[in-house]
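Undergrad: Pasting a structure below so you can have a look.
What follows is calculated from the coordinates using simple rules that are stated; it is not laboratory data. All of these numbers come straight from a predicted model, not from anything done at the bench. Positions of Cβ are generated from backbone atoms using ideal geometry, with glycine treated the same way; all protein chains shown enter the neighbour counts.
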Number of protein chains: 2
Amino acid sequence: MENYQHILIAADFSEHSQQVINRAQEIAERYQAKLSICHIIEDFPIADFAYEPMISVDLDMRDAMLDSGKKHIADIAKKFDLPTANQWVEFGSPSLNIVSLANDNKVDLIVVGSHGRHGIKLLLGSTANGVLHHALCDVLAVRLTEQ
Amino acid sequence: MENYQHILIAADFSEHSQQVINRAQEIAERYQAKLSICHIIEDFPIADFAYEPMISVDLDMRDAMLDSGKKHIADIAKKFDLPTANQWVEFGSPSLNIVSLANDNKVDLIVVGSHGRHGIKLLLGSTANGVLHHALCDVLAVRLTEQ
C-alpha cells in the first residue's frame, strides 16, 4: 500500500471549510504529500439567444464569479505556500469535476466536507456524496461541526 | 483541530478488506492513535413461533456466525496486537451499528471500504454509504482495487 502522495482539498468557501483545509493540510504534513486545492462553481445555463441582451450579463456574471473564486482560493493557497499550479477554480458539476481533476492529477486522497454549503447537520452534502460515489481514489469526509 | 485519537476499522472480511485494515493501521501509526476493529453481521429475522422447529436452527446459525466472525476478527487483531476490548463482532444493521459503536467509544475516524462485499467497481457499498450519511465523526472511504 502506497503512502498518500497527492491530496486534493475540495473547498466550498462555507463557514466550515477551514476545518476541511486544516485536516487536509495536517495529513499532507504527516505524509509529506503534495497538497492541491480546487473549488468548482456550480454551472448554470447561459440564456438562450432569444434573450441576447442577457447573454452578456450572464457572461459578465460568470467572469465575476470565476475571478472571485480564484481570489478566494489564492488567499487560502498563500497560507499554505501552494503554487498556482496546485489551485483550480472552474465551472462545472462540483462532484464530477473534483473527481475528474483528481484522476487527471494522480490524486490519491480527496478531502471533502461532509455536508453542503447550506447543509443540515447529519445530512451528507451532495458534493461529498457525489465524490464518494465516483472517486477512483480514497476519500476523507471531514465531519463539519459548529464551532 | 484535534489529532485522530481513536480509529475504527469497519471490516467486512471480503477479499479486499486487507486494504482497509492496512490503511487504517498506517494512519493509526502516523497519528499514534488507538485502533479498534468491528464486524457487523447483517441481522436476519428469527422465524415465527409457528415454525418452532426452525427457531433452534436459526439460533444455532446465529451462534455459529457470531463465533466465526469473532474468530476471524481475533485473527486479524492478533496481527496488530489489538486487545479483545478493541474488537467488536455483533449482529445488526452494519452502518447503524458501526456509527453507534463509534459514538459510544469516542472514535474520531471510521475507515471503511468503498464498495460492498460483492461490490461492483465504482458502486459505493451500502455500508460505506450508510456510515458516511450517519457518522458523527470523520470517515475515510478506502477505494478498493483489484490486486
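Undergrad: Report the net charge of residues surrounding B:SER93, where surrounding means a beta-carbon distance below 11 angstrom and charges are Lys +1, Arg +1, Asp -1, Glu -1.
TA: That works out to -3.
Undergrad: Counting only other chains, what is the mean number of Cβ atoms within 10 angstrom of the Cβ of each residue in peptide B:127-140?
TA: 5
Undergrad: Give the nm distances, rounded to one decimal, from A:GLU42 to the matching residue in every other copy, measuring between label points 7 Å along Cα toward the beta carbon; shortest first.
TA: 3.4
Undergrad: Right, something else. Mark the label point 7 Å from the Cα of A:GLU42 along Cα→Cβ and return the residues of the range A:90-107 whose backbone N is within less than 18 Å of it.
TA: So the set is A:90-99.
Undergrad: List the lysines whose Cα lies under 27 Å from the Cα of A:LYS71, skipping any in the same chain that are fewer than 8 positions away.
TA: Here the lysines satisfying the reach criterion relative to A:LYS71 are A:LYS34, A:LYS79, A:LYS106.
Undergrad: Determine the shielding of peptide A:20-28 by partner chains: average, over its residues, the number of Cβ atoms on other chains within 10 angstrom of each Cβ.
TA: The mean count of partner-chain Cβ atoms within 10 Å per residue comes to 2.
Undergrad: How far apart are the A:LEU136 label points across copies, placing each 7 Å from Cα toward Cβ, in nm, shortest first?
TA: Computed spacing set for this position: 3.8 nm.
Undergrad: Still on this structure: So, counting K/R as plus one and D/E as minus one, what does the shell of residues with Cβ under 12 Å around A:LYS34 add up to?
TA: On the way: positive: A:LYS106; negative: A:GLU29, A:ASP81, A:ASP108.
So the surrounding residues net to -2.
Undergrad: List the distances, in nm to one decimal, from the label point of A:ASN103 to the label points of the same position in every other copy, shortest first, placing each label point 7 Å from Cα along the Cα-to-Cβ direction.
TA: Values, ascending and in nm: 3.7.
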